[in-house]
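> Once you've had a glance at the structure underneath, I'll fire off some questions.
The values are calculated or read from the model by the stated rules, or taken from the named source; none is laboratory data. Being a predicted model, the structure only gives us computed values, none of them experimental. We place every Cβ from the backbone using ideal geometry, glycine too, and count neighbours over all the protein chains shown. These accessible areas exclude ligands, DNA and RNA; they are computed on the full protein's heavy atoms, side chains included. Shrake-Rupley method; radii C 1.70, N 1.55, O 1.52, S 1.80 Å.
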Amino acid sequence: MKKQFSSKTLVALLCGAAITLNTAVFAQSNPTVSVTNSPNPDNPIIVTANRAPTLANNVLADYDYIGPEEIQQAGQTSLVQLLQRQRGVEITSGIGAGGSSASVFLRGASNGQSIVLIDGVRSDSALNGGPTWESIPLPLIDHIEIIFGPQSSLYGADAIGGVVQIFTKDGSGPAKVSVSTGYGTYGTSVSDASIYGSTEGEQKISYSLGVSQTLSTGFNTIASNNPFALTAMKTGYVQDAITGKLSQEWSKGQSIGIQMLQSRLKNQSPGFNAGDFSNNPDYQLTYAGAPGPQQAQTNISQLGTYSIYSKNQITEQWKSFLQASLSNNNGQVLQDQTPYSPAYSPITKTKQNIYTWQNDIAIGTDLLQILGERRTQNVDTTQYNGYVYPYTNLESFSQSRNTNSVAGSYQLKRGAHLANLSIRNDSITGYGPQTTGGAAYGYFFTKQLRANVNYGTGFRAPTFNDLYYPGYGNPNLMPEKSKNTEVGLHYDASSYDIHLVGYNNTINNLIQYGSVNCPPSTLYGCASNVSVAKISGVSIGGGARLGNFVLKGSFDQQSPINQTTDQVLAKRARTFGNASVEYTHNKFIAGLGGTFSGQRTDISGTDATSGNAYNGAMGGYSIFNLYSSYEIEQNLTVFARWNNMLNKQYQLTYGYNTPGSNIFAGIRYAMK
């Protein structure tokens, strides 16, 4: 892959910015996304669970929190790999370099059944549904909140499995600079730099600016059991990203601000020119083997989130937050010319505009929240119709839809009692109103011990791909709908904590490939509401702080069943978990972590080369990672990480390799 700018240039650029920017430049975010980092990292302030800052001990939803320290120790790890190490989270890998087409499952729900917010702005692909995880740059992330269970009554469509909110760094206090760079296996280099802070006095200006670049020559992603006639091929990637925030408190309790994140990922994946399936006469005789010459196809993904907001203290009890945001997710695949077919470059452009007005009204110790929101989604794409022969017919479609929403919630606190009630109505073009709700109750038996019970409903709107894709789309689809019940028991003390959650989530109208109510233009089937899924399980997590040691662990036992076929949902394991131990002595930190998963099953099929059927079974795995860091002097730290120490060969998608044993080392300068 060709570098777009060097790591040295990147670092020099930000060092120069640190010298020249004495005053405000970019930053501060809005009240629904900003988190004042808690002095106690074991009891952080969580925003996403209630759309308002809440001490973690008082959060009734099941959640995970990934702090800045864990992200700093990530090294060459991708965002998806970092999420893999969290309780309740499973992942799949893509087919190429840079994590292309990776997916994240929250407590068994699919990638399209959860949503991602970046500093409060929703980011997903309106065409295919779900976030494009590989486009989100981990080096620019400050911390992450993961909220499990249906959150549609707070966030609307698609929040069946939960919500992941990603926070970039806020600026506060004197200007600070952070610069980091490192190099490792597979020719991987990761560099980032940032400046952040705020001015003093009245009408304070807060700012932050960060840039990052990740490069890799990649590894062979094609496994020996690949069923698609692909052979070994090493593929690489480059990702450039920038994030910025700027805000001003123009009067006490009154502030305005802007924020943005933009990322561009250019990666490679092994494949064939789609036209060769129709145009190669030799392949047409047997429909076996490779349809044409294999090529390293280039994929370009561009992600952006942008917003402007106003935060206002209307009265002592009433806070208003008004935001206009834009989110886009664009992609292009560059397929080279072959002896049988011309070059092919399908393009997809998706955009959504979101306008939100949230009002938080304090009633004694309680909080009433009233919200209005409008979301407009647009998709433009040109693709081959892969469902109708010949497969080289280029077809385009351009579609849009609007969602108008109103929501309300009430958070109650009375002594040892906690309760949350929420309701939301989303009116979507073509579907009419979709109403969801949630109720939760918690009780503190002691200051440390709490129990809770939660109930919530959610829904997922069909994607534009489900509705309109040539030869597959079905405009007759109904939204998926879910009902979730869970109970939890939590113990939080200064030296250790433990969390036990049991849940049952039933999803109706599951959208899959089928033949129900298909339009005439689909000859072999279409997107159909053909299944019911039931996901039940138990999730256990905890940690202990023993002198210089910190121990953490989690274990998930789940039953993610497609009740129509009585089969386990694809790529889900019945058991998975994590464990880690970290040791700190003065300026030295060292940690060892492990992740394990039981057997999973991918989609079955027929091997393109041998003609034999395969069942898609993927064995279980255990992988171990080691990391360390040492502060050489104030603000200057060296660090190293060794992922997959035992070089475990395992698959997250059938027929495709994951990274083998790999090391990474670097240096970081970060003002404190």
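> Going residue by residue through region 517-534, is there one that turns out to be more than 20 Å from Ala570 (Cα to Cα), open to solvent by 10 Å² or more (accessible area, probe 1.4 Å), modelled with pLDDT of 95 or more and β-branched (Val, Ile, Thr)?
no
> Also, I was wondering about something else. Assigned to a strand (DSSP E or B), at pLDDT 95 or above and among the β-branched types (Val, Ile, Thr), is that true of Ile507?
Here the answer is yes, as Ile507 does meet what is asked.
> Further question: Can you list residue pairs whose Cβ atoms sit under 6 Å apart, with the first residue in region 242-253 being over 12 Å from Ser307 (Cβ atoms) and the second being of a type in the set (D, E, K, R)? Count only pairs 6 or more apart in sequence or on different chains.
Taking only residues 6 or more apart or on different chains, the pairs are Glu249/Lys204.
> Return the only residue of Ser405, Ser396 being touching an Asp or Glu at 6+ places or on another chain (Cβ under 8 Å), in a strand (DSSP E or B), without any contact (Cβ under 8 Å) to a residue 24 or more places away in the chain and among the small types (Gly, Ala, Ser).
Ser396
> OK, next. Considering only region 213-254, state which residues are in contact with a helix residue (DSSP H, G or I) (Cβ under 6 Å, 6 or more places away or on another chain) and over 22 Å from Lys169 (Cβ atoms).
Within region 213-254, Ser216, Thr217, Gly218, Phe219, Thr235, Gly236, Tyr237 meet the criteria.
> Pick from region 85-118 the residues that are in contact with a Phe, Trp or Tyr (Cβ under 6 Å, 6 or more places away or on another chain) and either in a loop (DSSP other than H, G, I, E, B) or free of Cβ contacts under 8 Å to residues at least 12 places away in the same chain (or both): which of them is surrounded by the most Cβ atoms within 10 Å (Cβ to Cβ)?
Per the criteria, the residue is Arg107.
> Here's something else I'd like to know. Exactly one of (1) farther than 20 Å from Ala533 by Cβ; (2) touching a residue at least 60 places away in the same chain (Cβ under 8 Å); (3) open to solvent by less than 40 Å² (accessible area, probe 1.4 Å) is unmet by Thr606. Its number?
That leaves (3) as the condition not met.
> Something else: Condition (residue is out of contact with any helix residue (DSSP H, G or I) (no Cβ under 9 Å at 6 or more places or on another chain), within 20 Å of Val538 (Cα to Cα) and in a strand (DSSP E or B)) applied to region 454-463: is it met by at least one residue?
The answer is yes; a qualifying residue exists.
> On the given criteria, is Phe596 open to solvent by 40 Å² or more (accessible area, probe 1.4 Å), in contact (Cβ under 8 Å) with a residue 12 or more places away in the chain and closer than 30 Å to Tyr183 by Cα?
Yes, satisfied.
> Restrict the check to region 141-160 and report whether at least one residue is open to solvent by less than 10 Å² (accessible area, probe 1.4 Å), touching a helix residue (DSSP H, G or I) at 6+ places or on another chain (Cβ under 9 Å), more than 20 Å from Thr637 (Cα to Cα) and of a type in the set (Gly, Ala, Ser).
yes
> I've got another one for you. Take the conditions open to solvent by less than 70 Å² (accessible area, probe 1.4 Å) and within 22 Å of Asn509 (Cβ to Cβ) and apply them to Phe444. Does it pass?
no
> Something else about it: Please pick out the residue among Tyr287, Tyr237 that is of a type in the set (Ser, Thr, Tyr), within 23 Å of the chain's Cα centre (by Cα) and open to solvent by 40 Å² or more (accessible area, probe 1.4 Å).
Tyr237
> From the residues in region 642-660 that are in contact with a Leu (Cβ under 7 Å, 6 or more places away or on another chain) and of a type outside the set (Phe, Trp, Tyr), which one is modelled with the highest pLDDT?
Met645
> Let me ask something additional. Under 13 Å from the mean Cα position of the chain (by Cα) and touching a residue at least 24 places away in the same chain (Cβ under 8 Å) - does that describe any residue in region 149-157?
no
> May I ask you to list the residues in region 332-365 that are open to solvent by 70 Å² or more (accessible area, probe 1.4 Å) and either over 33 Å from the mean Cα position of the chain (by Cα) or at positive phi (or both)?
Scanning region 332-365 gives Gln337, Pro339, Tyr340, Pro342, Ile363, Gly364, Thr365.
> Of the numbered conditions (1) open to solvent by 20 Å² or more (accessible area, probe 1.4 Å); (2) over 26 Å from Gln358 (Cβ atoms), Asn425 satisfies every one except a single condition; which is it?
All conditions are met except number (2).
> Residue under question is Ile540, and the condition is that it be buried (at least 22 other Cβ atoms within 10 Å of the Cβ) and either part of a strand (DSSP E or B) or not small (Gly, Ala, Ser) (or both); does it hold?
no
> Restricting attention to region 640-669, and to residues there that are out of contact with any helix residue (DSSP H, G or I) (no Cβ under 8 Å at 6 or more places or on another chain) and closer than 24 Å to Lys169 by Cβ, which single residue is most open to solvent (accessible area, probe 1.4 Å)?
Here the answer is Tyr669.
> Right, something else. One residue is enough: does region 58-71 have a residue meeting the conditions at pLDDT below 90 and part of a helix (DSSP H, G or I)?
no
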